[in-house]
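J.: Quick one: the structure is below, and I'll ask about it shortly.
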Amino acid sequence: MGHFQAATSTRAGRLIVALTGECDLEGRDQLIAVLGAAVDSAELVVVDLAGLTFIDSSGIHGLVTAHHAAQRSGRRVELVNASGAVAAVLELTGVDRLLGSRTEDTTRD
């Protein structure tokens, strides 16, 4: 499996969490920690999935957990740039509809 990474940056007043590699059970704790900290510090957390090549139920759980935490505090988590197998899993599970999923250039301010 490919190494999972979650990196944060701020652009255009939003907190971006860029996920890369393969998000599975091995990366679950890192995903939950990074998304939890992001939700605690920003009104809008944009999760950029452009570099993510795989996601399983552990990753889906982390995204949904962050969504619920954000909702409780009046904040939002949105997904951008899902493609291939990752987009298919998000669609199959309904997470694309729950969190919204679109294409966006997160590198520009």
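FYI, it's all coordinate maths here, none of it is from the lab. Keep in mind the model is a prediction, meaning the values are calculated, not measured. Because the Cβ atoms are built from the backbone with ideal geometry, glycine has one as well, and the counts that use them run over all protein chains shown.
J.: Output the residue which, of all residues in the range 51-109 that are closer than 20 Å to S41 by Cα and of a type in the set (D, E, K, R), is surrounded by the fewest Cβ atoms within 10 Å (Cβ to Cβ).
T.: Ranking the qualifying residues of the range 51-109, first place goes to D109.
J.: Determine which member of the set R72, R102, R97, R76 is free of Cβ contacts under 8 Å to residues at least 40 places away in the same chain, among the basic types (K, R) and in contact with a His (Cβ under 9 Å, 6 or more places away or on another chain).
T.: That would be R76, the only listed residue that is free of Cβ contacts under 8 Å to residues at least 40 places away in the same chain, among the basic types (K, R) and in contact with a His (Cβ under 9 Å, 6 or more places away or on another chain).
J.: If a residue has to be in contact with a strand residue (DSSP E or B) (Cβ under 9 Å, 6 or more places away or on another chain) and buried (at least 17 other Cβ atoms within 10 Å of the Cβ) to count, how many in the range 19-50 make the cut?
T.: Going residue by residue through the range 19-50, those that are in contact with a strand residue (DSSP E or B) (Cβ under 9 Å, 6 or more places away or on another chain) are 19-24, 27, 30-31, 33-35, 37-39, 41-50.
Now restrict to residues that are buried (at least 17 other Cβ atoms within 10 Å of the Cβ): 19-24, 27, 31, 34-35, 38-39, 42, 45-50.
Number of matching residues: 19.
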